[in-house]
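Presented below is the structure to which this report refers.
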Amino acid sequence: MMGNRFTNMVKVPKEPAAKLLSMANTRLDTPITAPVAALPDVVLEELDEKGAMIDLIRLLSILLPPRERVWWACMAARDYVGPKSKNDPKSLTASEDWVFKPTEENRERARLSMDEAYIDDDTVNIALSVVYSDGTLGPADLAEYPAPAGAAETSAFAMNIVALDKNSDRFEEYGQMLIDRAVDIARGGNGRMENKDKMEEATP
């Protein structure tokens, strides 16, 4: 019986999850009993029933469109980087700017930010997702060359897994929030789940 956790995701392609995974050169670790032609919500529901949190995050990274995917990754980074400040990693700032204004100039800024990043700056994953967002190696001359299949998706997935690791003290709770955030974004929302929780708590 289908639940409603993954319904109404208007921004998700109405194509079989298996096909989308194959196009992104990605596979799930969890065995799936749903038919090969099963749509994403069916596969997500099965993964949820099986408690396959990492595979849920993996599949959602493929289902979200490029801008929404990058925004989801930016929010994961903000969870541990903190609110905007002058000390923000350049890759995070450039990626956020691209989400709100997806120009070639901002995409180039994201690309250049990776050259200046510290060795331990995981937000370069988001910049990679921006650079590969249209399926090419980047803006300008790089647009002539295809990006590795699934590179943008894998980069956004990696950013969420980094954030999950940094919130390991509440691993399950935080992981479920990352999933609900992606679903909210897929429904056309802004993904701000924590604010919704606070609003609900404040409601008499």
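What follows draws every value from the coordinates through simple rules; no lab data is involved. Quick caveat: nothing in here was measured; it's all calculated off a predicted structure. With ideal geometry, Cβ positions are generated from the backbone for all residues, glycine too; neighbour counts draw on all protein chains shown.
If I take R0 = 25 Å and measure r between the Cβ atoms of residue 173 and residue 100 in this structure, what FRET efficiency does the formula 1/(1 + (r/R0)^6) give, to the nearest 0.05?
The computed FRET efficiency comes out at 0.30.
Give me the percent of Cα-Cα pairs in region 94-175 that sit more than 17 Å apart, rounded to a whole number. Working shown, then result.
On the way: 1652 of 3321 pairs.
Here the tail beyond 17 Å accounts for 50 percent of pairs.
Full extension from residue 143 to residue 37: what is 0.36 nm times the residue separation minus their Cα-Cα distance, to one decimal in nm? All intermediate terms of the calculation are to be shown ahead of the outcome.
On the way: separation 106, 0.36 × 106 = 38.16 nm, distance 3.24 nm.
34.9 nm is the gain from fully extending residue 143 to residue 37.
Report the Stokes-Einstein translational diffusion coefficient (µm² s⁻¹, integer) for the chain, Rh taken as the Kirkwood radius over Cα pairs, at 37 °C with viscosity 0.692 mPa s. Each step should come with its number before you reach the end.
Working: Rh = 17.4 Å.
The estimated diffusion coefficient comes to 189 µm²/s.
With 31 Å as the limit, write out which pairs from 19/90; 19/50; 11/50; 11/86 have Cα-Cα distances beyond it, or answer none.
Pairs exceeding 31 Å: 19/90; 11/86.
Which of 80, 132, 145 ends up with the largest GNM mean-square fluctuation for the chain, with Cα atoms connected below 10 Å?
Among 80, 132, 145, the largest mean-square fluctuation in the Gaussian network model of the chain belongs to 145.
Would you look at the GNM of the chain, springs on alpha carbons closer than 10 Å, and say which of 27, 67, 107 moves the most?
In the Gaussian network model the winner is 27.
With only Lys, Arg, Asp and Glu charged, each at its Cβ (+1 for the first two, -1 for the last two), find how big the charge dipole of the chain is about the Cα centre; round to the nearest 20 debye. Numbers along the way, then the final one.
Numbers: 24 positive and 35 negative charges, 84 e Å.
It comes to approximately 400 debye.
Considering only 82, 125, 94, whose Cα is most displaced toward the positive end of the charge dipole of region 74-154, charges sitting on Cβ of Lys, Arg (+1) and Asp, Glu (-1)?
82
Could you give the size of the charge dipole of region 66-158 about its Cα centre, using +1 on the Cβ of each K and R and -1 on the Cβ of each D and E, expressed in debye and rounded to the nearest 20? Before the final figure, lay out the partial values.
On the way: 10 positive and 17 negative charges, 62 e Å.
My answer is approximately 300 debye.
Once amide H atoms are placed 1.01 Å from N in the peptide plane, what residues at a sequence separation of 5 or more from residue 136, or on another chain, have their amide H within under 5 Å of its amide H?
Result for residue 136 returns 147.
Using only the Cα atoms of region 1-118, each taken as one equal point scatterer with no solvent, compute I(q) by the Debye sum, divide by I(0), and report log10 of the ratio at q = 0.17 Å⁻¹.
-0.91
Span-like helices, the chain: DSSP H, alpha-carbon axial extent 20 Å or more, mean Kyte-Doolittle 1.0 or greater, which ones? Working shown, then result.
On the way: long enough: 66-81 (22 Å, -0.44); 151-166 (23 Å, 0.64); 171-186 (23 Å, 0.10).
Answer set is empty.
Taking the Cα centre of the chain as the origin and placing charges on Cβ (Lys, Arg +1; Asp, Glu -1), which of 36, 59, 8 is farthest toward the positive end of the dipole?
About the Cα centre, the residue reaching furthest to the positive side is 8.
What is region 66-158's relative contact order, in percent, from Cα pairs under 8 angstrom and six or more apart in sequence? Spell out each step's value before the answer.
Working: 130 pairs, mean separation 27.6, N = 93.
RCO, region 66-158: 30 percent.
If you take the beta carbon distance between residue 180 and residue 14 as r and set R0 to 30 Å, what does 1/(1 + (r/R0)^6) give as a FRET efficiency, to the nearest 0.05? Walk me through the numbers before you get to the answer.
On the way: r = 21 Å, r/R0 = 0.72.
The formula returns an efficiency of 0.90 here.
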